[in-house]
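Okay, structure first, notes after.
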Amino acid sequence: MASIVILALTQALPSALTGIQDLFYLAGMKLPEGKEHAYSCDSLLWTPEILVASVDGKPIIDGQGRSYQVEKSLLDIKQCDAILIPGFVPNQVSVPPLNLLDETTKLWLKKQYHQGAIIAGSCSGVLAIGEAGLLDNRRCTTTWWLHDELKVRNPKTCPLWASELLVDKNIVSAGGPLSWVETTLQVVKMLAGNGVAKKMADFAILDTQPKSQSSSVPRGYKITQPAFVTQAELAIRQGYGQSMSPQQLAQAMAVSERTLHRKLTSLTGLSPKRYIDQVRIEYACTLLVNNNMSISRVALALGYSDDAVFRRVFKLVMRMTPSQYKQSMKLEGVE
């Protein structure tokens with residue numbers, strides 16, 4: 001029997017904690033002992049063990065300030081097949097709290113991952129995966145307004161802006177406060193197959209196709225923090241179609257090259273050149289996935305006159321070639 005842990009953390013979004021359980025309940029996969037749905041049938045045989053767990057097995061205080069009961073302590077769960085991490089209620093500046101995980105939870109997540117468990121985070125829950133050290137050199141996504149925050153907290157990760165769901169090996173990430181729906185369905189698909197995931201979606205009347213967040217991103221997105229990083233990213237995005245050097249970026253931001261290097265490195269962990277490359281390659285990913293453009297056209301659209309240079313930079317940032325990236329997105333159903 002497969003076992004899935006819903007991780008209950010302080011400040012967690014209560015609708016996600018309850019909603020994930022409701023999805024399993026509606027699909028007949030988690031029911032009170034001895035109870036059967038009227039629509040249960042022999043064709044739906046997958047009944048995983050669903051456990052809501054906190055680090056010590058005691059109730060947590062959710063993001064609405066209410067006590068939330070759990071079923072298990074993480075320390076009592078030696079091995080599981082998947083872990084679902086809901087998002088968190090944001091603070092006054094619309095970001096999740098710092099230090100989402102204690103050391104015990106970090107170690108437990110790492111252990112489960114290295115034992116083969118799928119780790120799935122929705123919305124700001126993705127930042128908790130990063131705190132556990134499991135996002136380094138991985139493609140991931142989160143809600144559009146947390147994109148910069150994710151990069152600042154996890155400078156070694158490879159986030160894709162405004163993508164609704166991404167899978168990199170056994171790390172699943174999704175953007176949007178209600179993206180716990182997508183992550184839950186994806187975990188079911190990975191553990192039990194497309195057929196069972198579709199039955200779950202049918203019972204809950206859900207769309208199983210992930211989409212881009214781009215259409216729902218307000219024009220005011222660029223007011224997010226930190227301001228210096230936002231300003232740099234905006235300057236780079238406005239320069240698409242032509243080459244940009246650190247010197248040109250500094251001029252566009254009206255700062256010295258020395259100030260640019262010091263502040264960007266401090267905030268992102270990347271040199272100005274590496275940061276320029278990362279922002280441009282993130283946009284290249286969007287073009288490769290959402291537009292029927294050749295790799296050569298994408299390179300030209302971003303100001304790379306030499307395909308070879310674009311492919312080399314892309315591989316450095318994404319740890320794969322543009323062709324491999326396009327193929328991986330097709331396999332994951334993102335296109």
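May I ask you to say which residue of Leu288, Leu270 is more than 22 Å from Gln251 (Cα to Cα) and within 23 Å of the chain's Cα centre (by Cα)?
Exactly one residue qualifies, and that residue is Leu288.
Find the helices (runs of 4 or more DSSP H) located wholly in segment 256-307 whose residues include 3 or more that are under 19 Å from Glu233 (Cβ atoms) and either out of contact with any helix residue (DSSP H, G or I) (no Cβ under 6 Å at 6 or more places or on another chain) or of a type in the set (Gly, Ala, Ser) (or both), and list them.
Fully inside segment 256-307 and qualifying: 257-268, 272-290.
Among residues belonging to segment 150-163 that are touching a strand residue (DSSP E or B) at 6+ places or on another chain (Cβ under 7 Å) and in a helix (DSSP H, G or I), point out the one that is surrounded by the fewest Cβ atoms within 10 Å (Cβ to Cβ).
By that ranking, first place goes to Leu150.
Only one residue in Leu166, Leu107, Leu146 is without any contact (Cβ under 8 Å) to a residue 24 or more places away in the chain and not in a loop (DSSP other than H, G, I, E, B), so which one is that?
After applying the criteria, what remains is Leu107.
Identify, please: which residue in segment 234-255 is part of a loop (DSSP other than H, G, I, E, B) and of a type in the set (S, T, N, Q) and is, among those, surrounded by the fewest Cβ atoms within 10 Å (Cβ to Cβ)?
Gln242
Test Thr183 against the criterion of being crowded, with 24+ Cβ neighbours inside 10 Å, modelled with pLDDT under 90 and within 13 Å of the chain's Cα centre (by Cα), and give yes or no.
So Thr183 does not fit the description; no.
Inspect segment 320-328 for any residue being under 29 Å from Gln186 (Cβ atoms), out of contact with any strand residue (DSSP E or B) (no Cβ under 7 Å at 6 or more places or on another chain), among the hydroxyl-bearing types (Ser, Thr, Tyr) and not in a helix (DSSP H, G or I) and give the result as yes or no.
The answer is yes, given that some residue of segment 320-328 is under 29 Å from Gln186 (Cβ atoms), out of contact with any strand residue (DSSP E or B) (no Cβ under 7 Å at 6 or more places or on another chain), among the hydroxyl-bearing types (Ser, Thr, Tyr) and not in a helix (DSSP H, G or I).
Need the failing condition index for Leu100 against (1) within 20 Å of Ile171 (Cα to Cα); (2) at pLDDT 95 or above; (3) out of contact with any Cys (no Cβ under 9 Å at 6 or more places or on another chain), just the number.
Only one criterion in (1) within 20 Å of Ile171 (Cα to Cα); (2) at pLDDT 95 or above; (3) out of contact with any Cys (no Cβ under 9 Å at 6 or more places or on another chain) is unmet by Leu100, namely (2).
Could you look through segment 293-314, keep only residues that are in contact with a Ser or Thr (Cβ under 9 Å, 6 or more places away or on another chain) and of a type in the set (D, E, K, R), and pick out the one that is farthest from Arg274 (Cα to Cα)?
Asp307
Listed here are the residues, each with its yes/no results for (1) more than 25 Å from Leu191 (Cβ to Cβ); (2) aliphatic (A, V, I, L, M); (3) in contact with a strand residue (DSSP E or B) (Cβ under 7 Å, 6 or more places away or on another chain); (4) not assigned by TED's automatic domain parsing to the domain that holds Lys169.
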position: Ile61; (1), (2), (3), (4): yes, yes, yes, no
position: Ser73; (1), (2), (3), (4): no, no, yes, no
position: Val89; (1), (2), (3), (4): yes, yes, no, no
position: Gly116; (1), (2), (3), (4): no, no, no, no
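For every residue, the table says whether it meets (1) buried (at least 20 other Cβ atoms within 10 Å of the Cβ); (2) more than 13 Å from the chain's Cα centre (by Cα); (3) assigned by TED's automatic domain parsing to the domain that holds Met320.
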position: Cys80; (1), (2), (3): yes, yes, no
position: Lys106; (1), (2), (3): no, yes, no
position: Leu109; (1), (2), (3): yes, yes, no
position: Gln112; (1), (2), (3): yes, yes, no
position: Ile119; (1), (2), (3): yes, no, no
position: Ile129; (1), (2), (3): yes, no, no
position: Thr143; (1), (2), (3): yes, no, no
position: Asp148; (1), (2), (3): yes, no, no
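I need the full set of residues from segment 169-179 which are of a type in the set (S, T, N, Q) and not in a strand (DSSP E or B), in order please.
Of everything in segment 169-179, those that are of a type in the set (S, T, N, Q) and not in a strand (DSSP E or B) turn out to be Asn170, Ser179.
The values are calculated or read from the model by the stated rules, or taken from the named source; none is laboratory data. It should be emphasised that the depicted structure is a prediction, and the values quoted were computed from it without experimental measurement. Quick reminder, even Gly has a Cβ in these numbers, built from the backbone with ideal geometry, and neighbours come from all protein chains shown.
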